[in-house]
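Here the structure is laid out as structure tokens; the discussion comes afterwards.
The values are calculated or read from the model by the stated rules, or taken from the named source; none is laboratory data. Just so we're clear, the structure is a prediction, and the values are computed from it rather than from any experiment. As a convention, Cβ positions derive from the backbone with ideal geometry for all residues, glycine included, and neighbour counts pool all protein chains shown.
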Amino acid sequence: MPDTATVLAPSSAQTVQHFDVLIVGAGISGVGGAYHLSQQCHGTSFVVLESQESFGGTWITHRYPGIRSDSDLYTFGYRFKPWTGRPIATAEEILAYMGEVIDENDLARHIRYRHRIASARWSSEDNRWTIEGERLDTGVPFRITAGFLWMCQGYYHHSEGYTPEWDGMADFKGRIVHPQTWPDDLDVKDKQVIVIGSGATAATLVPNIADDCAHVTMLQRSPTYFIPARNANDLADQLRQLEVDESWIHEIVRRRILRDQSVFTQRSFDEPEKVRDELLAGVRAYLGPDFDIAAHFTPSYRPWRQRIAFVPDGDLFRAMRKGKASVVTDEIERFTEKGIKLKSGQELIADIIVTATGFHLNVLGDVAFAIDGKPLDFAKTVTYRGMMFTGIPNMAWVFGYFRASWTLRSDLVADFVCRLLGHMKDKQARRVEVALRPEDKDMPLLPWIDTENFNPGYVTRGMHLLPKRGDKREWQHTQDYWREKNEFPAIDLDDKAFVYR
Ligand SMILES: Cc1cc2nc3c(=O)[nH]c(=O)nc-3n(C[C@H](O)[C@H](O)[C@H](O)COP(=O)(O)OP(=O)(O)OC[C@H]3O[C@@H](n4cnc5c(N)ncnc54)[C@H](O)[C@@H]3O)c2cc1C
């Protein structure tokens, strides 16, 4: 890789900075990437560009009441930085944790906020990327070149959430809001609120506004699985009582959680009925024997086809038990002046309607990519283990796990990228690309993920934008941490799938 150098931009005559690596995004993946580069790739120059005003990504974008993780922080936290709080954390706690990672490792000097990247152009002649965008604080365009692009852009548009179009929305006299763009001035006090959706966001929001609202109704088209449980980890608490070092506790508790999750995931394939009964029994324990669990909390799909939200201390169900919240399972016929008319004929009255209906998939951070002057069609590429793509040189992409914590994968991808950069240095290569090998040429190319296995709405809606997968492990983006944690470190970087120049 070339060392840091400064060249002149032909058009503007301004200096263009060059970095060995450019990381897109300062969310949990981008900050983790910066940490790993600083630890594993000494002497590699890098910069992190982030369009928001601070680090955190998901955890600063979302500001709705109660915003919290839905998986435990022992595994959502980085492998290298012990988590010492309760397993399910608020956005504020996650941001404080990330802030410590930045401070303790002197990463702030590498991060540039309010820098939105608009385009990334690869030149095979120069073996480098030219990245252009705009400084959102000054409105001034910028241009930076980089040897390697590390895409940590997350998976959805940060500017707005996904709201389906329903008939009559314009007729509704109250306010319609999406949790992703929660207005600062929204006052739910003594208001009738409907929250459309029953994913993790709705499950977080409903109990967190229930006490203030007159009433909040969670309106779902179909039920979702939940795991209600204490927001505590007994093993961590015991180890703390024994005054075990926090770094040990982190590692031990991670292993325990991962093992338990592995057993759970396997069981949800092997004995889905039994797992389903257990999940429903967990909900029933909070809602009592008379609640219509069959109608409202019994999904038609088998467990793990969609992410299962953890409900800390069963707060969603406790709000329902108290009568401050309720659930309706029905389809929306149309919005009315006063609320929502359902297909069953019932009308729900509301002052505020919250559409907790998901995200707009955004797989490349809205960056217009071009390779040697040709616009990139990402959907035409083939994924190499969900990290690199055929036809895109010197680029790695982070997309975490759905079924396990996202960060488990971003740490694994980071190790791979650092190893790859080191390998390029050893080989004195300035370019690496993945390519189908002779034995892969007749491989059937399939959609990015198997929707029989996993099918959240934002992925199925955006599948046409995503790369293809093959029928061999190398050319698949699995959701299998337990396989990848052994396979990634063992990837042979001299395999024929890697082409260096
Ligand atoms: C409300 C919510 C709760 C979640 N809870 C969990 C959980 O408990 N466990 C779990 O595993 N996962 C969870 N997820 C999934 C979550 O998004 C990821 O786990 C993780 O936070 C993603 O981190 P990231 O850094 O990869 O991406 P993001 O957090 O999305 O950050 C990407 C960053 O890149 C920046 N960016 C993108 N494009 C550009 C560009 N063109 N120029 C400059 N900057 C750009 C964005 O501004 C953003 O700051 C949750 C998601 C949401 C929305």
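The condition of being basic (Lys, Arg), surrounded by 13 or more Cβ atoms within 10 Å (Cβ to Cβ) and more than 21 Å from residue 325 (Cα to Cα) holds for only one of 259, 284, 254, 221, that being 254.
When region 8-23 is filtered for residues that are away from the ligand (no atom under 16 Å from the Cβ) and either of a type in the set (Val, Ile, Thr) or modelled with pLDDT under 95 (or both), the ones remaining, listed by number, are 8, 9, 10, 11, 12, 13, 14, 15, 16.
All of (1) touching a residue at least 24 places away in the same chain (Cβ under 8 Å); (2) exposed (fewer than 14 other Cβ atoms within 10 Å of the Cβ); (3) part of a helix (DSSP H, G or I); (4) of a type outside the set (Asp, Glu) hold for residue 409 with one exception: (2). Do you know which of the residues in region 70-101 that are in contact with a strand residue (DSSP E or B) (Cβ under 8 Å, 6 or more places away or on another chain) and of a type in the set (Gly, Ala, Ser) is nearest to the ligand (Cβ to nearest atom)? The extreme case among them is 71. Considering 452, 474, the condition of being outside any helix (DSSP H, G or I) and within 24 Å of the chain's Cα centre (by Cα) is satisfied by 452 alone. Quick check on residue 118: is it in contact with a strand residue (DSSP E or B) (Cβ under 6 Å, 6 or more places away or on another chain), on the phi < 0 side of the Ramachandran plot and near the ligand (Cβ under 10 Å from one of its atoms)? Yes. For beta carbons closer than 9 Å, sequence separation of 6+ or different chains, a first residue in region 421-450 that is among the acidic types (Asp, Glu) and a second that is in a helix (DSSP H, G or I) and surrounded by 13 or more Cβ atoms within 10 Å (Cβ to Cβ), the qualifying pairs are 440/474; 440/475. Within region 291-307, being surrounded by fewer than 20 Cβ atoms within 10 Å (Cβ to Cβ) and not polar (S, T, N, Q) holds for 291, 292, 293, 294, 295, 299, 301, 302, 305, 307. Looking at this structure, is residue 243 away from the ligand (no atom under 16 Å from the Cβ), on the phi < 0 side of the Ramachandran plot and either among the acidic types (Asp, Glu) or not in a loop (DSSP other than H, G, I, E, B) (or both)? So residue 243 does not fit the description; no. Restricting region 412-429 to residues that are buried (at least 18 other Cβ atoms within 10 Å of the Cβ) and touching a Pro at 6+ places or on another chain (Cβ under 9 Å), which is nearest to residue 122 (Cα to Cα)? Looking at residues that are buried (at least 18 other Cβ atoms within 10 Å of the Cβ) and touching a Pro at 6+ places or on another chain (Cβ under 9 Å), I get 416. Screening region 137-176 for residues that are of a type in the set (D, E, K, R) and not in a strand (DSSP E or B) and picking the one that is nearest to the chain's Cα centre (by Cα) gives 160. Restricting attention to region 177-186, the residues that are assigned to a loop (DSSP other than H, G, I, E, B) and within 16 Å of the ligand (Cβ to nearest atom) add up to 2.
Selection of first residues in region 476-501 that are farther than 22 Å from residue 381 by Cβ and of second residues that are among the small types (Gly, Ala, Ser), restricted to Cβ pairs under 7 Å at least 6 apart or on distinct chains, gives the following pairs, ordered by first then second residue: 481/404; 482/262. Taken together, the criteria place residue 483 among residues that are modelled with pLDDT under 95, under 26 Å from residue 259 (Cα atoms), basic (Lys, Arg) and outside the structural domain of residue 222 (by TED's automatic domain parsing). Picking from residues in region 48-62 that are over 17 Å from residue 101 (Cβ atoms) and crowded, with 19+ Cβ neighbours inside 10 Å, the one that is farthest from the ligand (Cβ to nearest atom) is 61. Kindly evaluate residue 236 against the criterion of being under 25 Å from residue 403 (Cα atoms), in the same structural domain as residue 277 (by TED's automatic domain parsing), surrounded by 16 or more Cβ atoms within 10 Å (Cβ to Cβ) and not β-branched (Val, Ile, Thr). So residue 236 passes the test.
Among the numbered conditions (1) touching a residue at least 60 places away in the same chain (Cβ under 8 Å); (2) more than 11 Å from the ligand (Cβ to nearest atom); (3) not β-branched (Val, Ile, Thr), tell me where residue 153 comes up short. Evaluating residue 153 over (1) touching a residue at least 60 places away in the same chain (Cβ under 8 Å); (2) more than 11 Å from the ligand (Cβ to nearest atom); (3) not β-branched (Val, Ile, Thr) leaves (2) as the failure. Quick check, is residue 26 at negative phi and within 13 Å of the ligand (Cβ to nearest atom)? Yes, satisfied. Looking at this structure, is residue 104 away from the ligand (no atom under 13 Å from the Cβ) and at pLDDT 95 or above? Here the answer is yes, as residue 104 does meet what is asked. Can residue 317 be described as in a helix (DSSP H, G or I) and in contact with a Phe, Trp or Tyr (Cβ under 8 Å, 6 or more places away or on another chain)? Criteria met by residue 317.
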